[in-house]
Amino acid sequence: MSVLFSGSIKADTGPKEQAVLHDIVKQISPDNIEKDITKLVSFGTRHTLSETKSETRGIGAARRWIKAEFERISRACNDCLEVYFQAKTISGEKRIPDATEVVSVIAVLKGKTDPSRYVVMSGDIDSRVTDVMDFTSDSPGANDNASGVAGVLEAARVLSQYSFHGSIVFAALAGEEQGLFGGKIMAEQAQKDGWRIKAVLNNDMIGNISGINGVINNTTARIFAEGTRQNETEKQARKRRFTGGEVDSPTRNLARYIDRMADDYIPNLDTMMIYRLDRFGRGGHHRPFNDLGYPAVRIMETNENYNRQHQDLRTEDGIKYGDTLDGVDFDYAAKLTALNAVSLAGMAWAPNPPVNVAIQGAVKPSTTLSWNAPKANEKTIIKGYKIYWRLTDQSQWQYSRYVGNVTQYTLENIVIDNYFFGVASVSHDGFESPIVFPGDAGSFGQ
Ligand SMILES: [Zn+2]
């Protein structure tokens with residue numbers, strides 16, 4: 001990159017380092033994750049259409065165990081979690097032809113200052129083998145996706161010891177393999193209930209380090225993040241053509257936030273931000289949230305092993321197929337869980353992302369950004385705002401300036417045409433919200 005920023009402002013290194021986030025990372029336990037994945041695998045199959053009456057086998061036993069775990073975690077924090085089943089009967093679908101209850105398990109850690117603001121961590125309960133309709137064969141789903149659920153439980157265990165400004169949701173979602181039903185049910189209910197969701201971190205396969213491509217690597221992870229909002233109107237798209245924002249949806253800036261957390265807090269982990277919704281032609285439970293316009297990413301391993309995904313347990317030509325425990329690296333799953341935990345904590349301790357961010361500066365030497373004043377409940381926690389900018393072909397924010405508790409600021413002699421800009425809100429103790437790109441294209445909502 002040869003174009004240098006021509007100004008006297010020093011490139012800033014981003015948010016203040018937080019000792020408490022290092023503490024959170026240290027508490028995430030690979031042993032707990034191993035125990036929980038082992039328990040989830042012990043239910044034999046967690047197929048959505050599998051048995052619900054048994055206490056030891058099938059999806060019913062698995063979800064009741066997850067609920068009991070959340071309740072146990074809640075007892076340890078003076079009932080700090082609101083734990084519930086979220087169920088809906090689905091029928092007439094290709095992969096759920098007959099009436100079946102799709103039941104997710106949700107635990108909410110309510111925020112103290114701004115409880116209607118939510119960040120969500122999710123994983124999927126259900127598993128499958130080669131035939132997606134086979135609900136009786138053993139289907140351990142150790143990596144896909146007991147790893148994600150175990151991560152959610154462990155993050156709940158650690159984060160429930162703290163109290164936050166915003167709410168944190170821990171979700172074990174159901175019916176993923178049959179058509180993303182649990183995510184859809186949760187996203188629609190959240191919208192109905194007026195949840196201001198600022199982030200969904202969907203964890204789907206966070207434990208495999210041995211790829212089908214021959215790569216063995218426990219130091220990278222992927223964050224899938226779609227570009228323009230799925231529910232962008234034609235009018236908004238026309239405006240975006242002239243103001244930019246194709247690579248600055250709230251989902252992309254959520255991915256940048258998590259990427260930054262990995263750099264600052266997770267030793268030996270580098271995240272790859274991937275500018276697409278998901279793996280090529282494949283799906284995950286962040287999508288139903290994206291469908292409704294919520295910022296949502298998929299966090300997962302970098303090197304997948306297809307011999308271990310959606311496979312009948314068998315050995316063929318000396319190759320072992322199936323998603324069994326021995327294919328999960330618990331330390332790696334813990335590392336990705338820690339990344340989730342610090343990202344959730346960072347956002348829930350930060351103020352609300354700036355609202356109604358606007359930018360002006362066409363045919364002027366300087367760029368002016370403006371945003372709404374904080375709401376009454378935010379006033380006590382907000383210290384001020386920080387403007388970030390970067391060259392337009394850079395993936396991560398490069399420059400920043402803390403501008404104080406104002407609602408408008410002009411960056412003198414910084415030309416609007418040559419950079420992308422955004423604003424973060426900063427708490428008194430130095431926690432920062434994700435960075436908000438101006439206009440509808442980048443908005444995190446109210
Ligand atoms: Zn799967």
Positive dipole terminus of the chain, leading residue within Val149, Thr56, Gln398 (C-beta point charges): Gln398
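What number comes out for accessible area per residue over region 269-332 if the probe is 1.4 Å? Units Å², please. Mind dumping the intermediate values first?
Working: 2830 Å² over 64 residues.
Roughly 44 Å² per residue, with all protein chains present.
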About the Cα centre, and with charges only on the beta carbon of Lys, Arg (+1) and Asp, Glu (-1), how big is the dipole of the chain? Nearest 20 debye, please. 1500 debye
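Hey, what did region 72-134 get for relative contact order, percent, Cα under 8 Å, at least 6 apart?
Across region 72-134, relative contact order equals 27 percent.
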Per DSSP, loop GluC sites (Glu not before Pro) in region 65-164 with at most 15 further Cβ within 10 Å: Glu93
Pairs Lys67/Lys320; Lys112/Lys198; Lys110/Lys239; Lys26/Lys379; Lys184/Lys379: which exceed 26 Å Cα-Cα? Lys67/Lys320; Lys110/Lys239; Lys26/Lys379; Lys184/Lys379
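Which of the GluC sites (Glu not before Pro) found in region 291-372 are in a DSSP loop and have at most 15 neighbouring Cβ atoms, other than their own, within 10 Å?
On the way: sites: Glu301, Glu304, Glu316; in loops: Glu304.
Counting only loop positions with at most 15 other Cβ atoms within 10 Å, none of the GluC sites (Glu not before Pro) in region 291-372 qualifies.
Excluding Asp36 itself, what net charge comes from residues whose Cβ is under 9 Å from its Cβ, given Lys and Arg +1 and Asp and Glu -1? Kindly include the intermediate steps, with their values, before the conclusion.
Details: positive: Lys35, Lys39; negative: Glu34, Glu69, Glu154.
It works out to a net charge of -1.
Thr233: net charge of surrounding residues, Cβ under 12 Å, Lys/Arg +1, Asp/Glu -1, itself excluded? Before the final figure, lay out each step's value.
Values: positive: Arg229, Lys235, Arg238, Lys239, Arg240; negative: Glu232, Glu234, Asp440.
Charge balance near Thr233 sits at +2.
Per residue, how much accessible surface does region 1-131 expose to a 1.4 Å probe? Answer in Å², no decimals. Mind showing how you got there, number by number?
On the way: 6490 Å² over 131 residues.
Using a 1.4 Å probe on heavy atoms only, each residue of region 1-131 averages 50 Å².
Taking all protein chains in place and a 1.4 Å probe, what share, in percent, of the accessible surface of the chain do carbon and sulfur account for?
On the way: 8900 of 18080 Å².
Ligands and nucleic acids excluded, carbon and sulfur reach 49 percent.
Which net charge results for the neighbourhood of Asn213, defined as the other residues with beta-carbon distances under 13 angstrom from its beta-carbon, given Lys and Arg at +1 and Asp and Glu at -1? List each step's numbers first, then the result.
On the way: positive: none; negative: Glu301, Glu304.
Local net charge: -2.
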Mind checking which of Phe135, Thr45, Gln236 is farthest towards the positive end of the chain's charge dipole, using Cβ charges of +1 (Lys, Arg) and -1 (Asp, Glu) about the Cα centre? Gln236
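For a protection proxy built on the mean count of beta-carbon atoms within 10 angstrom, sort 400-407, 384-391, 145-152, 184-191 highest first, please. It would help to have the intermediate numbers written out before the result.
Values: 400-407: 15.0, 384-391: 21.8, 145-152: 32.5, 184-191: 19.5.
Result, highest mean Cβ count within 10 Å first: 145-152, 384-391, 184-191, 400-407.
Loop only by DSSP, 10 or fewer other Cβ within 10 Å of the Cβ. Give me the chymotrypsin sites (Phe, Trp or Tyr not before Pro) in region 222-288 that pass, ordered by residue number.
Details: sites: Phe224, Phe242, Tyr257, Tyr265, Tyr275, Phe280; in loops: Tyr275, Phe280.
Here the chymotrypsin sites (Phe, Trp or Tyr not before Pro) that fit, given the DSSP loop and packing criteria, are Phe280.
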Exceeding 24 Å between C-alpha atoms, which entries from my cross-link table qualify? They are Lys335/Lys383; Lys35/Lys88; Lys235/Lys383; Lys192/Lys375. Lys335/Lys383; Lys35/Lys88; Lys235/Lys383
What do you get for the angle between helix 30-41 and the principal long axis of the chain? Use alpha-carbon atoms, 0 to 90 degrees, nearest ten. 50 degrees
Using only Cα atoms and rounding to the nearest 10 degrees, what angle (0 to 90) does helix 330-349 make with the longest principal axis of the chain? 40 degrees
Within region 255-293, what residues put their amide N at less than 17 Å from the label point 7 Å along the Cα-to-Cβ vector of Asp331? 266-270
Roughly what angle does helix 234-243 make with the longest principal axis of the chain, taking Cα atoms, 0 to 90 degrees, to the nearest 10? 50 degrees
What does the extension gain come out to for Ser91 and Lys239, with contour length at 0.36 nm per residue minus their alpha carbon separation? 49.2 nm
Counting DSSP beta bridges in region 79-223, what percent are antiparallel, to the nearest 5? 55 percent
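The values are calculated or read from the model by the stated rules, or taken from the named source; none is laboratory data. Predicted model only: the values in this text are computed from it and were never measured. Every residue, glycine as well, gets a Cβ built from its backbone with ideal geometry; the counts of neighbours run over all protein chains shown. Surface accessibility is based on the protein's heavy atoms, side chains included, excluding ligands, DNA and RNA. Shrake-Rupley method; radii C 1.70, N 1.55, O 1.52, S 1.80 Å.
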